[in-house]
Amino acid sequence: MTDAKTPDDTANAMWGGRFAAGPDAIMTAINASIGFDRRLYAQDIRGSRAHAAMLAARGIITSKDAEAIREGLLTVLSEIEGGNFPFSEALEDIHMNVEARLKDLIGEPAGRLHTGRSRNDQVATDFRLWVRDQCDAAIDGLRGLIGAALGQAEAGADWVMPGFTHLQTAQPVTWGHHMMAYVEMFGRDLSRFQDARKRMNESPLGAAALAGTGYPIDRDATAAALGFDRPMANSLDAVSDRDFALEFLSAASICAVHLSRLAEELVIWSSAQFRFVSMSDKWSTGSSIMPQKRNPDAAELIRAKIGRILGANVALFTVMKGLPLAYSKDMQEDKEQVFDAADHLMLALAAMAGMLADLTAHREKMEDAASAGFSTATDLADWLVREAGLPFRDAHHVTGSLVAMAEERDVDLPDLSLKDMQSVHDAISDDVFNVLGVHNSVASRQSYGGTAPDQVRAQIARWKALL
């Protein structure tokens, strides 16, 4: 006869070895956030110090207790930074871990620190401070990356390369112009992080659980102490808002797309089929069996980062989309996504800046490629409009016929004779050869934002002034 199994026995078998203790172990594991939110320790302690100082200034706690709290928090900070802090999963999160350790250090005054606030406004403040710091880091990283791109642009302001559409040779451009396209993209990323930082720079502290507090607190004082422009104007919004994290992730996702596009071009350009650029050994690796290879691993990994960052963006939007006001425990799932995205964005920005700074662009290879593929066909059509008076559609047709002739003879447009060209249209004169060279082509693109070296250098100067 076998022993009858109890419901707890059945449940334990389903949970497996890790959760053999039963529901309590599972609840602890799903509820605790200290495994990841310990990263907020500096912001948590900073917020608590500002709150304690304000409580004392308003006469809500004594100056003696405030001083004990201040000193105790500095000790906690030192212990965490020194790797000597006893983090406990049983205490759930960074806030309770810090407060419990503070009580161990200073006793009863520690219990007065939480007067006039809640973990709801505390975590909102901590997280907002952390994301604000990441905006600053992204801004600094983008400035460094833009500087590296400007260095490449300045060195090759008049180096000719093929411009592509559909990855097919289209018209000649300059290396400097191509690099400046990324300067513009990363410049918009920079402004997005700046805008997001400005919008998020309001303090939730003092909103308490959701309705504010009856204590005579000074929210302006704590906001100023923490570097915020002002306190948030609605306590419900203050504890339930995660717009700042969503906006950070959105800006990070767009930036990661730009990084990925540049990384893809570096992968293509460094291939044996292009050889437009060479990566330094710092940013490439060899093959385990093919000694001739130099793999652009850093660029490929940057290209992949968008998957993680965009995934974090989608995940947090999904968490937030159906939550009623004010705080719900779902919002504990906000931090890991943002932490991971921020880590990988900062790494990608630093790696791309390093790659661009060390990158060698091969002027001759690019110019040879720019001269092939009938890249000056549009210049020929424009010349027919300007000099021969043809409507553009007719000029387009004439040029297409000349391209077909050159293709059939396996030569480029400048290699056709004047007689060949006049056999297609008798208005073509010897002057046409002045526009068929790639250097003439890029020099003619003098419209604002064009690829002419003078225009490129003007944009470089503008960006240097902006930075």
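Taking a point 7 Å from the Cα of R386 along the Cα-to-Cβ direction, the residues of the range 401-443 with backbone N closer than 13 Å to it are 431-437, 440-443.
Pairs of Cα atoms nearer than 8 Å and 6+ residues apart set the relative contact order; for the range 191-298 it is 20 percent. Stretched out straight at 0.36 nm per residue, the stretch from T62 to D394 would grow longer than its current Cα-Cα span by 110.7 nm. Cα axis of helix 243-269 to longest principal axis of the chain: angle in degrees, 0 to 90, nearest 10? The angle comes out near 40 degrees. Taking only the Cα atoms of the range 25-112, the radius of gyration and Dmax are 13.5, 43 Å.
For the chain, the convex hull spanned by the alpha carbon atoms encloses 254 Å³ per residue.
Set the Cα radius of gyration of the range 206-306 against 2.2 N^0.38 Å, with N its number of residues, and you get 1.92. Here the relative contact order of the chain, from alpha carbon pairs under 8 Å that lie six or more residues apart, stands at 16 percent.
Computed across the range 239-379, the Kirkwood hydrodynamic radius from all distinct Cα-Cα pairs reaches 17.6 Å.
Out of every Cα-Cα pair that the range 299-374 contains, those further apart than 21 angstrom amount to 53 percent. Protection proxy ranking for 186-199, 115-128, 74-87, using the average of other Cβ atoms within 10 Å per residue and placing the highest first: 115-128, 186-199, 74-87.
Here r is the Cβ-Cβ distance between S278 and A155 and R0 is 22 Å; the resulting FRET efficiency, rounded to 0.05, is 0.95.
Per residue, the accessible area of the chain comes to 48 Å² when a 1.4 Å probe rolls over the protein heavy atoms.
Rounded to the nearest 10 degrees, the angle from helix 175-200 to the longest Cα principal axis of the chain is 20 degrees.
Checking a compactness column here: for the range 149-191, what do you get for Rg(Cα) / (2.2 N^0.38 Å), N being the number of residues? Present the calculation step by step, with values, prior to reporting the outcome.
On the way: Rg = 11.3 Å, N = 43, 2.2 N^0.38 = 9.2 Å.
The reported ratio for this selection is 1.22.
As a length-normalised measure over Cα pairs under 8 Å and 6 or more apart, the relative contact order of the range 202-253 settles at 42 percent. So how tilted is helix 297-320 from the main axis of the chain? Cα-based, degrees 0 to 90, rounded to 10. With rounding to tens, the tilt is 50 degrees. Under the simplified labelling scheme, the R143-M96 pair shows an inter-label distance of 4.1 nm, with each label point 7 Å from Cα along Cα→Cβ.
Here the accessible area of the chain is 52 percent carbon and sulfur, with a 1.4 angstrom probe and all protein chains present. Here the Karplus curve 6.51 cos²θ - 1.76 cosθ + 1.60, taken at θ = phi - 60°, turns the phi angles of the range 34-50 into couplings of 5, x, 10, 7, 4, 5, 8, 4, 5, 5, 5, 5, 4, x, 5, 5, 5 Hz, with x standing for Gly and Pro. Amide H contacts for G163 (H built 1.01 Å from N in the peptide plane; partners 5 or more residues away or on another chain; cut-off under 5 Å): A170, Q171, V173. For the range 313-370 versus the range 398-460, the inter-centroid distance based on Cα atoms is 41 Å. Computed from the C-beta positions of A29 and A233, the FRET efficiency with R₀ = 35 Å rounds to 0.40. Which log10 I(q)/I(0) values does the range 369-466 give at q = 0.21, 0.24 Å⁻¹ under the Debye formula, counting every alpha carbon as one identical point scatterer? Taking Cα atoms of the range 369-466 as identical point scatterers yields -1.02, -1.25.
The values are calculated or read from the model by the stated rules, or taken from the named source; none is laboratory data. Worth saying up front: this structure is predicted, and the values here are computed from it rather than measured. We place every Cβ from the backbone using ideal geometry, glycine too, and count neighbours over all the protein chains shown. With ligands, DNA and RNA removed, areas are computed over all heavy atoms of the protein, side chains included. Shrake-Rupley method; radii C 1.70, N 1.55, O 1.52, S 1.80 Å.
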